[in-house]
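The values are calculated or read from the model by the stated rules, or taken from the named source; none is laboratory data. These figures come from a predicted structure and were not determined experimentally. Neighbour counts run over all protein chains shown; Cβ positions are idealised from the backbone, glycine included. For accessibility, only protein heavy atoms count, side chains too; no ligands or nucleic acids. Shrake-Rupley method; radii C 1.70, N 1.55, O 1.52, S 1.80 Å.
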Amino acid sequence: MSKPRVLVVDDERAVRKLIKTVLEADGMVVLQAENGMEAMRMISEEPFDLVLLDIMMENVDGYDVLGQTRNMGIHTPIIFLSGKKEDTDQIIGLGLGADAYVTKPFSPPVLCAQVKNQIKRYRQFQESKQQALHIALGPFLFNHHTYTFQKNNQEIALSSKELQLMKFFMEHPNQVFSKEQLYQNIWKDTVVDNNTIMVYIRHLRTKIEENPTNPKYIKTVWGIGYRFSVER
């Protein structure tokens, strides 16, 4: 796993240096911005796992940076750093979309722990989001986002109904489905055309099986229907 990338935004050089030293000692890559304009440029040009953001800066303050970041559709965790300790200030900051609010002066070890916790949660979220975009079984991958199908990292051209069939099979591995069930789920019709099912199964086997006459993946369950099976 790559080292976490953190952007520290603060107009006080001493604060940036302190945070950089602490986070780098914990294995993070730390970049710095001394004002809001520089921070916005960096956030728009490269990815970060977290942004530590001072609120009180000239011209473009932390609130502006947060608002513009979220408006760009960037949901990188942002922790506000501020000398403003009133509850109302913290409520405003969190209400604008910050993930945490740390008041100055702060404990470097505690800040580091907060940073690590936010990055862990963000990476878990990103991973779960990526997993939701595709189904991976054995040599096969179905991408929900692009609606494409691959075997051994090579895209296989499938028709619309073939894609729907493979998606259904991959969502229900090792389950046996009758021709009626397949027809109802893919063609959305209760009047079953057995010949259509057989033709599409034959086409799929030709495209995904090493030996279509002795299928390894789409297996016939005699007297019932078909089962998509992949050894894990």
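Taking interchain pairs and intrachain pairs at least six residues apart, which have beta carbon atoms under 6 angstrom, with the first residue in the range 160-171 and in contact (Cβ under 8 Å) with a residue 40 or more places away in the chain and the second part of a helix (DSSP H, G or I)?
Glu162/Leu204
Yes or no: Glu162 modelled with pLDDT of 90 or more, loosely packed, with under 13 Cβ neighbours inside 10 Å and either within 20 Å of Pro47 (Cβ to Cβ) or touching a Phe, Trp or Tyr at 6+ places or on another chain (Cβ under 8 Å) (or both)? Talk me through it step by step, then tell me what you get.
Values: modelled with pLDDT of 90 or more: yes; loosely packed, with under 13 Cβ neighbours inside 10 Å: no; either within 20 Å of Pro47 (Cβ to Cβ) or touching a Phe, Trp or Tyr at 6+ places or on another chain (Cβ under 8 Å) (or both): yes.
No, not satisfied.
Here are some conditions: (1) open to solvent by less than 20 Å² (accessible area, probe 1.4 Å); (2) not in a loop (DSSP other than H, G, I, E, B). Asn185 meets all but one. Which one does it not meet?
For Asn185, the exception is condition (1).
Failed condition for Ala157, given (1) closer than 30 Å to Val8 by Cβ; (2) of a type in the set (A, V, I, L, M, F, W, C); (3) open to solvent by 50 Å² or more (accessible area, probe 1.4 Å), with all others met?
(1)
Quick one: what pairs do we get from the range 48-69, first residue under 10 Å from Phe80 (Cβ atoms) and of a type in the set (Ser, Thr, Tyr), second open to solvent by less than 40 Å² (accessible area, probe 1.4 Å) and assigned to a loop (DSSP other than H, G, I, E, B), C-beta under 8 Å, 6+ apart or different chains?
Sorted first by the residue in the range 48-69, then by its partner, the pairs are Tyr63/Ile55.
If you check every pair at least six apart or on different chains, which have Cβ atoms under 6 Å apart with a residue in the range 196-218 that is within 18 Å of Pro139 (Cα to Cα) first and a residue that is open to solvent by 70 Å² or more (accessible area, probe 1.4 Å) and polar (S, T, N, Q) second?
Pro212/Thr206
Give me a count of the residues in the range 189-232 that are open to solvent by less than 70 Å² (accessible area, probe 1.4 Å), of a type in the set (A, V, I, L, M) and not in a loop (DSSP other than H, G, I, E, B).
Residues that pass the stated criteria total 7.
Has the range 213-223 got at least one residue that is closer than 15 Å to Ser159 by Cβ and touching a strand residue (DSSP E or B) at 6+ places or on another chain (Cβ under 9 Å)?
no
Is it the case that the range 119-126 has a residue that's within 20 Å of His172 (Cβ to Cβ), open to solvent by less than 70 Å² (accessible area, probe 1.4 Å) and free of Cβ contacts under 8 Å to residues at least 40 places away in the same chain?
no
Check off (1) modelled with pLDDT of 95 or more; (2) part of a helix (DSSP H, G or I) for Met170 and give me the number that stays unchecked.
(1)
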